[in-house]
């Protein structure tokens, strides 16, 4: 078994196709197939099988994929640790962004990264805050923006932004009200994401403390779909003000402040388990320089709904 065989297998498995993997890797399909076959022979396991749409993983393939991804990431981190000895950080870094935030932050982050760190490479991974937290702990990503993560010994956390949660309703000709108390929220049928979503967790915690009942009419995971349902007059939502602003703000929705204010926090998180990485520190500094609060909270009525 060698590094190339592991890399070839992981790319084919992730892309679900020998054709796409050969294009990404710059390797001919016959060569790709031969190397993966040699890997299967050494492991004495069939890892992939072909179907009408490409390839799929066997049970052994799914097991080996997880280990293969960890091997590739460990090698990348080892190379990064060595190149960090140079004065100019090089190597590849994987930055995890919550999907809603990635919608507005990816472009300015990548532009700033290329300007400040021209000899390094950045990859953006998107997912929910809970999934990104798991990937960070498993060293599948290097840096992440997390929403109110559990404070533990495995992560180095730096506060970046505080978001206000608001009640969001469909746009009406006459505004209902400017603000609402937590106790009054039970009057509204809510569309909320499923747990362990941090916004849902925070809302339930403050509601319980105020002895307020949440009238949950349905559960939908992404703020994009939640806002589509709200716009369709199928319920109300409690979301960060910035998420609503990114999706059209008051031109599309009725935004009602919650009193006392309910907030959630965005942190820059770096795993303490990985080797000391100057590139990760540089990216963390870059995120501070970007003025993320302004980007996340910007009012963009023409922008597609963020997820």
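The values are calculated or read from the model by the stated rules, or taken from the named source; none is laboratory data. Treat the numbers as computed from the prediction; the structure is a model and nothing was measured. Because the Cβ atoms are built from the backbone with ideal geometry, glycine has one as well, and the counts that use them run over all protein chains shown.
Run down 180, 185 and say which single residue is touching a residue at least 12 places away in the same chain (Cβ under 8 Å), more than 24 Å from residue 129 (Cα to Cα) and assigned to a strand (DSSP E or B). Walk me through it before giving the result.
Values: 185 fails: assigned to a strand (DSSP E or B).
On inspection, the qualifying residue turns out to be 180.
Only a single item in (1) surrounded by 14 or more Cβ atoms within 10 Å (Cβ to Cβ); (2) over 26 Å from residue 295 (Cβ atoms) is not met by residue 101, and it is number (2). Take the residues in the range 215-234 that are over 15 Å from residue 103 (Cα atoms) and touching a helix residue (DSSP H, G or I) at 6+ places or on another chain (Cβ under 6 Å), then tell me which one is surrounded by the fewest Cβ atoms within 10 Å (Cβ to Cβ). Per the stated criteria, the residue is 215.
Among the listed residues 144, 112, which satisfies the condition of being assigned by TED's automatic domain parsing to the domain that holds residue 277 and in contact with a strand residue (DSSP E or B) (Cβ under 8 Å, 6 or more places away or on another chain)?
Working: 112 fails: in contact with a strand residue (DSSP E or B) (Cβ under 8 Å, 6 or more places away or on another chain).
144 is the lone residue from the list that is assigned by TED's automatic domain parsing to the domain that holds residue 277 and in contact with a strand residue (DSSP E or B) (Cβ under 8 Å, 6 or more places away or on another chain).
Condition test on residue 139, is it buried (at least 20 other Cβ atoms within 10 Å of the Cβ) and under 30 Å from residue 111 (Cβ atoms)? Answer is no for this residue.
Looking across 178, 219, one residue alone is modelled with pLDDT under 90 and in contact with a strand residue (DSSP E or B) (Cβ under 8 Å, 6 or more places away or on another chain). It is 178.
With closer than 21 Å to residue 1 by Cβ, in contact with a strand residue (DSSP E or B) (Cβ under 8 Å, 6 or more places away or on another chain) and modelled with pLDDT under 85 as the only criterion, which of 58, 76, 83 stands out?
Details: 58 fails: modelled with pLDDT under 85; 83 fails: closer than 21 Å to residue 1 by Cβ.
The unique qualifying residue is 76.
Going through the range 254-294 one residue at a time, which ones are surrounded by 21 or more Cβ atoms within 10 Å (Cβ to Cβ), under 30 Å from residue 233 (Cβ atoms) and touching a helix residue (DSSP H, G or I) at 6+ places or on another chain (Cβ under 8 Å)? Result: 262, single match. Within the range 1-16, the set of residues being without any contact (Cβ under 8 Å) to a residue 40 or more places away in the chain and buried (at least 16 other Cβ atoms within 10 Å of the Cβ) comprises 5, 8, 11, 15.
Can you give me the ranges of the strands (runs of 3 or more DSSP E) entirely in the range 189-292 with at least 1 residues that are on the phi < 0 side of the Ramachandran plot, in contact (Cβ under 8 Å) with a residue 60 or more places away in the chain and outside the structural domain of residue 106 (by TED's automatic domain parsing)? Explain how you work it out, then say what you get.
Working: elements: 190-192, 216-219, 237-240, 253-271.
Strands (runs of 3 or more DSSP E) meeting the threshold: 237-240, 253-271.
Among the criteria (1) surrounded by 13 or more Cβ atoms within 10 Å (Cβ to Cβ); (2) touching a helix residue (DSSP H, G or I) at 6+ places or on another chain (Cβ under 8 Å), the one residue 194 does not fulfil is (1).
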